[in-house]
Amino acid sequence: MKQIKILVEKHPDGYVAYPLGFKGVVVGQGNTYESALADVKSAIRFHIKTFGREVLEVEPRII
């Protein structure tokens, strides 16, 4: 299984988490670090199940 890097940011009203290297938008949020991480993991599973493994970008994009 491929490892996915997830960024979790602290905001004044909670936490936002998102994975790197995905085509499309996948975001999780929560009142705690753990809840945001659990939410984004669920969103990742749903995104891959819905759109297939093609959503995982093979090469990193340079912006």
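Read-outs: derived from the displayed coordinates by stated rules, not from any lab. Values in this document were obtained by computation on a predicted structure and should not be read as measured data. Quick reminder, even Gly has a Cβ in these numbers, built from the backbone with ideal geometry, and neighbours come from all protein chains shown.
Just a few scattered comments:
- Between G21 and any residue 5 or more places off or on another chain, the built amide H atoms are never under 5 Å apart.
- Cβ-based charge dipole, the chain, positive-most Cα from Q29, L56, Y15: L56
- Normalised by the number of residues in the chain, the mean separation of alpha-carbon contacts (under 8 Å, six or more apart) gives a relative contact order of 26 percent.
- One decimal place: the segment H11-Y33 gains 6.9 nm when fully extended, by the rule 0.36 nm per residue minus the C-alpha distance.
- Dipole moment magnitude, nearest 20 debye, the chain about Cα centre, only Lys, Arg, Asp, Glu C-beta charged: 240 debye
- Rough spin-label spacing in nm, given labels placed 7 Å along Cα→Cβ, for K2 and I48: 0.9 nm
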